[in-house]
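Undergrad: So that we are looking at the same thing, I have put the structure below in structure tokens.
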Amino acid sequence: AETLGDSAAQSGRYFGTAIEPGYFGEQPYVDTLNQEFNSVVAENNMKWETTEPAQGQFDFSGGDQVVGHAESQGMQVRGHTLVWHSQLAPWVQQLTGDALNQAMIDHINGVAGHYQGQIASWDVVNEAFDEDGTRRDDSHFQQQLGDGYIEEAFRTADAADPNAQLCYNDYNTDGINAKSNGVYDMVADFKARGVPIDCVGFQTHLSTDTDLSTYQQNLQRFADLGVDVHVTELDVGGSGTAQADAYRTVTEACLAVERCKGITVWGITDAYSWRAEETPLLFDGNYQKKEAYGAVLEAL
Ligand code: XIL
């Protein structure tokens, strides 16, 4: 096949990208999106600060543009993200105890309920762990509600959208390390106790010097727990062959793990990347395919 999406589809997978509807007016942006990708995620538009800027007042305008575009093109949609300590609406930080717990439940019901039936997989909870494998202690949810908020979030999301796949998503969990061990133990516990978790997302924000020697093994050990795995936010700071090699390694690892459902890159063009100065994506600032693009297409 000649595009990323079509190539991924040959093995039943998707190849997606994060998008910002603010760029839909730029023709090469939309052309590249429609040509190459068969899945999308809102880079920012489904985050709490955007979807519920004031308590009980929901704004789905940006997220609806993302979903509308995807549906018009027959693309899947990933949902990102329901509960996260960052890009959180300021009013939430003022709440404590039961009021915070109820606000979390209402938020999940509001957002996952609005998109019910339209999201293939939700990042229900994002980045809840610290590098040492313990729970992240600078999260307002963790501080106020303790470990149990994650389980509560998954149970609430399951009721709000029973057909969506429910993922836990994090970064620096790409290899076997203390942080991924912490997530692994939580997922094993959830599976043992019947907490509704279906998948784990590996953000995979990399540099060319990231050690990827245990990347595939790590995906596989999670899959062996009985969850799907997704590469959710792939980008690789660098250029040329070193960058292409990292992209190839990640793509080959996903293809080698049966339960790896697909890969999402964190943007289309280097020009609009959150790491723009590191040129981490598959298309340069002029939407030209980079060496990394060729490596991914070949590996798919
Ligand atoms: C980033 C976006 O790319 C930026 O536009 C925004 O300013 C900050 O967030 N982990 C995540 C993503 O889960 O939501 C983050 O996205 C990147 C790190």
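Undergrad: Determine the percent antiparallel among the DSSP beta bridges restricted to the stretch 1-147, to the nearest 5. Mind dumping the intermediate values first?
TA: On the way: 2 of 14 bridges.
Antiparallel: roughly 15 percent of the beta bridges in the stretch 1-147.
Undergrad: Equivalent ellipsoid semi-axes for the stretch 95-176, as square roots of 5 times the alpha carbon gyration tensor eigenvalues: give them largest first, rounded to whole Å. Before the final figure, lay out the partial values.
TA: On the way: eigenvalues 97, 67, 13 Å².
For the stretch 95-176, the semi-axes come out at 22, 18, 8 Å.
Undergrad: Considering only the chain, what is the antiparallel percent among its DSSP beta bridges, to the nearest 5? Walk me through the intermediate numbers first.
TA: On the way: 3 of 40 bridges.
Roughly 10 percent of the beta bridges in the chain run antiparallel, per DSSP.
Undergrad: Taking 0.36 nm per residue of separation and subtracting the Cα-Cα distance, what length does fully extending residue 31 through residue 209 add?
TA: Details: separation 178, 0.36 × 178 = 64.08 nm, distance 3.22 nm.
Result for the pair: 60.9 nm of gain on full extension.
Undergrad: To the nearest µm²/s, what D does Stokes-Einstein give for the chain at 37 °C and 0.692 mPa s, using the Kirkwood radius over alpha carbon pairs as Rh?
TA: Numbers: Rh = 19.2 Å.
So the translational diffusion coefficient is about 171 µm²/s.
Undergrad: Oh, and also: Restricting attention to the alpha-carbon atoms of the stretch 47-91, what are Rg (one decimal) and Dmax (integer), both in Å?
TA: Every Cα atom of the stretch 47-91 included, Rg and Dmax give 12.0, 37 Å.
Undergrad: Now a separate question. Using Cα centres only, tell me the gap between the stretch 251-272 and the stretch 168-190 in whole Å.
TA: 19
Undergrad: With runs of 4+ DSSP H residues as the only contributors, calculate the mean residue ellipticity of the chain at 222 nm using -39,500 (n - 2.57) per run, divided by the residue total and rounded to the nearest 500.
TA: Here the helix-only value at 222 nm equals -12500 deg cm²/dmol.
Undergrad: Can you give me the relative contact order of the chain as a percent, contacts being Cα pairs under 8 Å and 6 or more apart?
TA: Result for the chain is 17 percent.
Undergrad: May I pose another question? Take the alpha carbon atoms of the stretch 198-216, find their center, do the same for the stretch 74-90, and report the distance between the two centers in whole angstrom.
TA: The stretch 198-216 and the stretch 74-90 have Cα centres spaced 20 Å from each other.
Undergrad: In whole angstrom, how long is each semi-axis of the equivalent ellipsoid of the stretch 207-300, when you take the square root of 5 times every eigenvalue of its Cα gyration tensor and sort them from largest down?
TA: Square roots of five times the eigenvalues give 24, 13, 12 Å.
Undergrad: Quick one: work out the % antiparallel among DSSP beta bridges in the stretch 9-91, nearest 5.
TA: Details: 1 of 8 bridges.
Antiparallel bridges make up about 10 percent of those DSSP assigns within the stretch 9-91.
Undergrad: Which percent of Cα pairs goes in each bin when the distances of the stretch 1-100 are cut into 5 angstrom slices starting at zero?
TA: 2, 13, 20, 20, 14, 12, 9, 6, 4, 2, 0
Undergrad: Over all directions, what mean area does the Cα convex hull of the stretch 75-134 project, stated in square nanometres?
TA: Details: hull surface 21.4 nm².
So the mean shadow area of the Cα hull is 5.4 nm².
Undergrad: Another question, if that's okay. Test of understanding: what is the full-extension gain from residue 256 to residue 132, defined as 0.36 nm times their sequence separation minus their Cα-Cα distance? The partial results should precede the final answer.
TA: Working: separation 124, 0.36 × 124 = 44.64 nm, distance 2.81 nm.
My answer for the length gained is 41.8 nm.
Undergrad: Mind checking the angle between helix 61-73 and the chain's longest principal axis? C-alpha axes, 0 to 90 degrees, to the nearest 10.
TA: For helix 61-73, the angle is close to 40 degrees.
Undergrad: Next question. By how many degrees, 0 to 90 and rounded to 10, does the Cα axis of helix 240-256 deviate from the longest principal axis of the chain?
TA: 60
Undergrad: Summing +1 for each Lys or Arg and -1 for each Asp or Glu, what net charge is found among the other residues whose Cβ lies under 12 Å from the Cβ of residue 162? Spell out each step's value before the answer.
TA: Numbers: positive: 155; negative: 158, 161, 198.
Once positives and negatives cancel, what remains is -2.
Undergrad: Direction-averaged shadow area of the convex hull around the Cα atoms of the stretch 155-198, nm²? Don't jump to the answer; show the numbers that get you there.
TA: Details: hull surface 13.3 nm².
The number I arrive at for the stretch 155-198 is 3.3 nm².
Undergrad: Full extension from residue 61 to residue 95: what is 0.36 nm times the residue separation minus their Cα-Cα distance, to one decimal in nm?
TA: On the way: separation 34, 0.36 × 34 = 12.24 nm, distance 2.58 nm.
Taking residue 61 through residue 95 to full extension adds about 9.7 nm, to one decimal.
Undergrad: Using a cut-off of under 12 Å, list every residue of the stretch 224-240 whose amide N is near the label point 7 Å from the Cα of residue 274 along the Cα-to-beta-carbon line.
TA: What the label zone holds, given the 12 Å backbone N cut-off, is 233-235.
Undergrad: Further, regarding this structure: Expressed as an acute angle from 0 to 90° and rounded to the nearest 10, what is the orientation of the C-alpha long axis of helix 27-36 relative to the principal long axis of the chain?
TA: Orientation of helix 27-36: about 90 degrees from the principal axis.
FYI, it's all coordinate maths here, none of it is from the lab. What you are looking at is a predicted structure, and each value in this text was computed from that prediction instead of being measured. As a convention, Cβ positions derive from the backbone with ideal geometry for all residues, glycine included, and neighbour counts pool all protein chains shown.
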